[in-house]
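Q: Below is one structure. I have some questions about it.
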Amino acid sequence: MAQAGIVEMLGFGPQGWGQVLLLAAMVTFLLTLAAMAAGAVFGIAIAAAKSSAHRGLRALGEAYTTVFRGIPELLVIYLFYFGGSSLLTSVGRLFGGEGFIGMPPFIVGALAVGLISGAYQAEVYRAAALAVVPGEIEAARAIGMSRSQVWRRVLAPQVLRFALPGLGNVWQLSIKDSALVSVTGLAELMRTSQKAAGSTNEYFLFYIAAAVLYLVMTTFTGRAFSRLEAHTGRSLRRAAR
Amino acid sequence: MIMDVDFLFETLLKLGRAVPVTLSLVGSTLLLGAVLACLILALRVSPYRALNHAARLYVFLFRGTPLLIQIFLIYYGVGQFQIVRESVMWLVLREPYACAVLSFSLCTAAYTSEIFRGALRSVPAGQIEAGMACGMPRWTLWRRIIAPITLRYALPAYSTEAVMMVKASALASLITVWEVTGVAQQIIQQSYRTLEVFLCAALIYLLINFLITRGLALLEYRLSPHLRARRASQAS
């Protein structure tokens, strides 16, 4: 069956899928990055809504986290990709356009994974904000800092530091969720390995290769997060000991 | 777009008929996953370094890669080899449903074993020492002291994992298991009404997850009457 050897197939030659797979891994990384950024926006907004004094806003925040943590990630992606596309198509018909108008897969994917990651990030930020010692905020107010100054100098740096371990977990989740965006046809790592496997009939080989690339990604970014934790926590270390 | 109530109702009914498939998928996954998790946990806490490292490697591999790739590896990847096709294993591995349960269980076992390990580590040493001081044999100690406390501590995190598994069960539709998401796609192919059908499916998943979290919270409540009593007496 296999005319080309394993090395050739995974290599960078004309027969090899190496370069394509590495590029696809890059797409996965960028997709996760975009999703994480979108999720940060949603997460902060929802965390603010959940801890607001307004009852309606609290209910809204609660509903958001319940829905996006309670329905399958695959369904969220389908909902955005196919639902969004059919909405776009009917809007297109309204203006005299014809045929199916698809949503751009990268943006849909980043948005869908971002919405899910936002639901988890919201909880992380909320817990981190609760971990800030109230005395420090009172002290900042007492020496005459304005509201925005308190946020910028006292709250935000600490919330970010307390949130880092949780954000690391959400990041790992988002990398794995990004594989589901493959159903939209976006050429990220999962989709590309499927294509490579299909066209060479070497399913085992290419799925293992993709799994290794995912492992490399999760491991190295995990390390980066613990480095960052150590860096931001360097002023705390003495107190902890 | 006007919501068609009849269509929504009909869709909910059709999707409802696929709920048993989703539930049996999740149920068998959780069962098999819990057994596997106990095995991995046993390796992880064993004093032998080789066994310990094997368990660590397992958890690292299955937590570090997307579940979808694990499913495809088992369904498409393993079936590629002639040896597998000719062996008894093929009876299991050619079935999409069995492959889904197998890959889900292998994956959830990695997460669950870590949940159990965390719970096991927080069993107070004093309780174990007290049991030993009473002269309990090792097995009785496990059965009456360590296992119940571990179970109680593990429940909150385990309910999160159970919800994760319900969500993951949607991936089985990608290897042609007709559970709720798969049936939803079938309905869409016939009716071209994407939003309504997916929203109905979302509703069903929300309901399942709500029932699971409530059920496990109730179990936790029932398992800790002694802790409640103390809290109440402290308050008075």
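Q: State yes or no: is residue A:71 open to solvent by 50 Å² or more (accessible area, probe 1.4 Å) and either at pLDDT 95 or above or among the β-branched types (Val, Ile, Thr) (or both)? Full working, then the answer.
A: Numbers: open to solvent by 50 Å² or more (accessible area, probe 1.4 Å): no; either at pLDDT 95 or above or among the β-branched types (Val, Ile, Thr) (or both): yes.
For residue A:71, the condition - open to solvent by 50 Å² or more (accessible area, probe 1.4 Å) and either at pLDDT 95 or above or among the β-branched types (Val, Ile, Thr) (or both) - is not met.
Q: Right, next: Just one of B:121, B:143, B:152, B:230 is at pLDDT below 90 and open to solvent by 20 Å² or more (accessible area, probe 1.4 Å); which is it? So that I can check it myself, show each step before the final result.
A: Details: B:121 fails: at pLDDT below 90; B:143 fails: at pLDDT below 90; B:152 fails: at pLDDT below 90.
Only one candidate qualifies: B:230.
Q: Follow-up. Tell me, which residue of region B:89-116 that is within 12 Å of the chain's Cα centre (by Cα) and of a type outside the set (Ser, Thr, Tyr) is farthest from residue B:77 (Cα to Cα)?
A: Keep residues of region B:89-116 that are within 12 Å of the chain's Cα centre (by Cα), which gives B:101-113, B:115.
Going one step further and asking which of them are of a type outside the set (Ser, Thr, Tyr), we end up with B:101-102, B:104, B:106-107, B:109-110, B:115.
Working: B:101: 16, B:102: 14, B:104: 16, B:106: 16, B:107: 16, B:109: 21, B:110: 21, B:115: 29 Å.
Within region B:89-116, the match that is farthest from residue B:77 (Cα to Cα) is B:115.
Q: Would you call residue B:162 closer than 30 Å to residue B:41 by Cβ and open to solvent by 50 Å² or more (accessible area, probe 1.4 Å)?
A: On the way: closer than 30 Å to residue B:41 by Cβ: yes; open to solvent by 50 Å² or more (accessible area, probe 1.4 Å): no.
So residue B:162 does not fit the description; no.
Q: Follow-up. Quick check on region A:47-66: of everything there that is within 18 Å of residue A:114 (Cα to Cα) and touching a residue at least 24 places away in the same chain (Cβ under 8 Å), which residue is surrounded by the most Cβ atoms within 10 Å (Cβ to Cβ)?
A: Here the residue is A:47.
Here's the yes/no breakdown for (1) farther than 30 Å from residue A:80 by Cβ; (2) open to solvent by 40 Å² or more (accessible area, probe 1.4 Å); (3) in contact (Cβ under 8 Å) with a residue 40 or more places away in the chain; (4) among the β-branched types (Val, Ile, Thr):
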site: A:153; (1), (2), (3), (4): yes, yes, no, no
site: A:171; (1), (2), (3), (4): no, no, yes, no
site: A:197; (1), (2), (3), (4): no, no, no, no
site: A:205; (1), (2), (3), (4): yes, no, yes, no
site: A:209; (1), (2), (3), (4): no, no, yes, no
site: A:215; (1), (2), (3), (4): no, no, no, no
site: A:220; (1), (2), (3), (4): no, yes, no, no
site: A:223; (1), (2), (3), (4): yes, yes, no, no
site: A:230; (1), (2), (3), (4): yes, yes, no, no
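Q: Sort out for me the helices (runs of 4 or more DSSP H) sitting completely within region B:1-93 that have 3 or more residues that are open to solvent by 60 Å² or more (accessible area, probe 1.4 Å).
A: Values: elements: B:5-16, B:19-44, B:49-64, B:67-72, B:82-86, B:90-93.
Filter on region B:1-93 gives B:5-16, B:19-44, B:49-64, B:82-86.
Q: With respect to the numbered conditions (1) more than 9 Å from chain B (Cβ to nearest Cβ); (2) open to solvent by 10 Å² or more (accessible area, probe 1.4 Å); (3) within 15 Å of residue A:110 (Cβ to Cβ); (4) among the hydrophobic types (A, V, I, L, M, F, W, C), which one is the sole condition not fulfilled by residue A:183?
A: Result: residue A:183 passes all but (1).
The values are calculated or read from the model by the stated rules, or taken from the named source; none is laboratory data. Worth saying up front: this structure is predicted, and the values here are computed from it rather than measured. Every residue, glycine among them, receives a Cβ derived from its backbone with ideal geometry; neighbour counts consider all protein chains shown. Surface accessibility is based on the protein's heavy atoms, side chains included, excluding ligands, DNA and RNA. Shrake-Rupley method; radii C 1.70, N 1.55, O 1.52, S 1.80 Å.
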